[in-house]
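Below is one structure, written out as structure tokens, with a few remarks after it.
The values are calculated or read from the model by the stated rules, or taken from the named source; none is laboratory data. Since we're looking at a predicted model, the values are computed, not measured. Cβ: placed from backbone, ideal geometry, glycine included. Neighbour counts: every protein chain shown.
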Amino acid sequence: MGARVVVAEDDVKQADLVRRYLQHDGHDVTVVHDGAAALEAARQVEPDLVVLDVMMPAPDGFAVCRRLRAESEVAILMLTARIGEDDLLHGLDVGADDYLTKPYSPRELAARVRTLLRRSGAGRTPATGDEVLRVGDVEVDPRRHEVHVTGELVPLTPGEFAVLRLFASEPGRVFTRDQVIRHVHGVDGYLTARTVDVHVMNLRRKIESDPRRPRRLVTVYGVGYKLVGAHG
């Protein structure tokens, strides 16, 4: 089943090429060329995924990403000509789920879109056999793509959900950063250990009473992270 996708790219020819590749995969694609139109389209279409160019006019992609993330849990793939790690981390920090640098292959973009949609559970019938994972007062429901902490629904991005689901699959197990990258994102070389740290930092903001003193998603110094059954 296809998904609803908004492509926000100011290069008209590139946007049309991306549209054709995504439509070939069966997706319903809306194309816009600036930040204001991207926000309007996302609110009207309620897409499953947004492809968002950083260097768009009025406002830029980072600002659009921040606004979208405040309003929804839509999967966001950012496109940029910038290649610095600081830019990548900034994109993740404002809520992007994946990052693709220009020039890129439309086939690679389409593959990234498929990966993000699988991760978020959009555009397909949920798989059977995905049981709710409970670790203390944290509940991760893969079929509904929901997380509850002490009974309260906690909104997560698809990337954050994927990381937390991995930790919840084996409570108390310490996962190294490399293992998180390999299990959640595959073996794509563009990811770094620091991007894992950003996801963990954002998760702690959402599931911990005091993110500076985590009791659920804890650090094992020199090794990695683990999810434990702390309460309160």
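The set of residues from region 65-88 being farther than 22 Å from Pro106 by Cα and either modelled with pLDDT of 90 or more or basic (Lys, Arg) (or both) comprises Arg66, Arg67, Leu68, Arg69. With the condition kept exactly as written, say whether any residue in region 55-69 is in contact with a helix residue (DSSP H, G or I) (Cβ under 6 Å, 6 or more places away or on another chain) and loosely packed, with under 14 Cβ neighbours inside 10 Å. Yes, region 55-69 has at least one match.
Among the residues of region 23-54, those that are farther than 23 Å from Ala81 by Cα, surrounded by fewer than 18 Cβ atoms within 10 Å (Cβ to Cβ) and out of contact with any Lys or Arg (no Cβ under 8 Å at 6 or more places or on another chain) comprise Gln23, His24, Gly26, Glu40, Arg43, Gln44. Tell me, please, whether a residue that is surrounded by 21 or more Cβ atoms within 10 Å (Cβ to Cβ) and at pLDDT 85 or above can be found in region 114-123. Checking region 114-123: at least one residue is surrounded by 21 or more Cβ atoms within 10 Å (Cβ to Cβ) and at pLDDT 85 or above.
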